[in-house]
Amino acid sequence: MTCNDIRKLLDDFVDGNLPAEEAARVRAHVDGCAECARELVALESLRAATAALPNEIDPDTDLWQNIATEIASTKVTPMRRPSLWLRGAMVAAAAALVVVGAREWRMRTHSTGWEVTRIAGAPVIESRGVQENATLRQGEWLRTDENSSARVDVANIGRVTVGPESAVRLKGSSDKEHRIELARGEMEAFIWAPPRLFFVDTPSGVAEDLGCRYNLAVDEDGNGALDVTLGFVSFERDGREVIVPAGARCELRAGKGPGTPHESGASRELQEALDRVDVEGATPENVTAVLHASSSTDGVTLWHLIPRVDENLRGEVVDALAARVPLPKETSRDGVIALDTRMLERWWDAMYPSWSHWN
């Protein structure tokens, strides 16, 4: 099935109206196509936003007075009745404005508390059991035991599923930033808002949403892992940042930050070599071990490794990546070895053409 075929089916797919076999084909395509995945996220976002709208919104008491004053002061000129097409467009535009305006209204008025729904067991907010219409407010902790889980609606921009034996705190929520803390346990985030609005603080750094879906886990020692299933996630600590694309994973270490990203299906040999690089450093022996263990699908690892190795080793890493992903136009081997930022970014864009759509 082509992308055009898939897009024609997305509405029915979201509504659950497709036969199981056809729905499975759509899901398989979307899982491997960033463009269609982004369209699916946008459609699900719109459906979620409209479903969450209140049945009615009371207007300001002086709204009609302001409208009447504006009409009285406006010079009206005769015009033809709009065509059916134009009237349809006007209705669609008006409906979009209502949806967007009401959505923004909800984000403003609900920015200090997020709705929590019990999935299983007996999750608690502070000492309160999670009942219907429970609210997680700024500064409060949501905790689950080994038998419980919960869903948190993130200010109408997404949702977070909190797994068993987890502790999550709402640190702040505004039109500019939504931030939680994951002290321990596991969570899945599905965010459909524009990038760089949703953040998760952990003992090993900060996960920054770039329009995506991902899983984040933290153990009792503060170590953990980030697995991205859609879009991209940035993870940063003390100036060290990695970008983890869909299908990739990053190990997280308390007090040290993110490790070098790798494909979720990377070989055990490569993962062990990366552990040595991340813990011991990019020594010649460790870098050689990474290059020896890497395969044709490990471009994300080699790209992140380039700035981490000494200049005398950097050429080997650059050549290994170029054998997998050719250097794009206006990019040179010498420039990349010199860590020219624009050239490194162009190479990333060549590896991930959908990056510009998500970032």
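Please treat every number below as a calculation from the coordinates, not as lab data. All values derive from a computational prediction rather than experimental measurement.
The aspartates and glutamates within cross-link reach of K329, meaning a Cα-to-Cα straight distance under 15 Å and a gap of 8 or more places when in the same chain, are D340, E345, D349. For segment 262-359, dividing the convex hull volume of the Cα atoms by the residue count gives 100 Å³ per residue. Look at the alpha carbon pairs under 8 Å that are at least 6 residues apart: their mean separation over the length of segment 262-359 gives a relative contact order of 21 percent. Considering only Cα atoms, the convex hull volume of segment 178-218 works out to 54 Å³ per residue.
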